[in-house]
Amino acid sequence: MRPDPITQLRSAIDSLPVRTREAMLEGIRSNPIVVGAYTDNEGGICPMLAAHRHGGRVTLLAFARSWDRFTGAHRVRRASRRELRILEAQLVASLMAEEHVDLEAAIADHRDLQRRSRTEREIVARRLTRSTTGVRRLRPRRRAEREALRRLEQELTRV
């Protein structure tokens, strides 16, 4: 059984080098894109030529065939917005799949940030409660002081 056109397109995209995928993404965002031919007579270009013009110097016939099959191209025409959105989404998804995320490192960074944030809040709270007159607690009496303290606390919780 032959895979559906979107699956074939994604497979062809995944087989492109990363630099070519990045260049194609740049190219389809900045050029009029056509289906069914390499170029048209009105300045439109195919996604592979767009990639080539943006530094992705690879020719892959499988991509061109899968693109034309996906779009149902029988003659040269401009790619529809829907076709371009799908191509862009597939390129972005393919590039994101290339990125290897180290979850353990991300979790460790998050916990470290939480610890530092908690420590910084405690230091600021201690500074706010100290006073040269021996008062152990800061009690803002005016609305402006309470508002300033509330904004400070909000800012500290974001850190």
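The values are calculated or read from the model by the stated rules, or taken from the named source; none is laboratory data. Given the structure is predicted, the values throughout are model-derived calculations rather than measurements. Ideal geometry is used to build each Cβ from the backbone, glycine not excepted, and the neighbour counts take in all protein chains shown.
Suppose we keep only residues that are polar (S, T, N, Q) and farther than 15 Å from residue 45 by Cα within segment 55-100. Which one would you say is farthest from the chain's Cα centre (by Cα)?
Among those residues, the one meeting the criterion is 66.
Quick one: how many residues across segment 93-126 are surrounded by 10 or more Cβ atoms within 10 Å (Cβ to Cβ) and at pLDDT below 70?
Qualifying residue count for the region: 0.
Check 26, 42 and return the single one that is touching a strand residue (DSSP E or B) at 6+ places or on another chain (Cβ under 9 Å), without any contact (Cβ under 8 Å) to a residue 40 or more places away in the chain and over 21 Å from residue 5 (Cα atoms).
When all the criteria are applied, what remains is 42.
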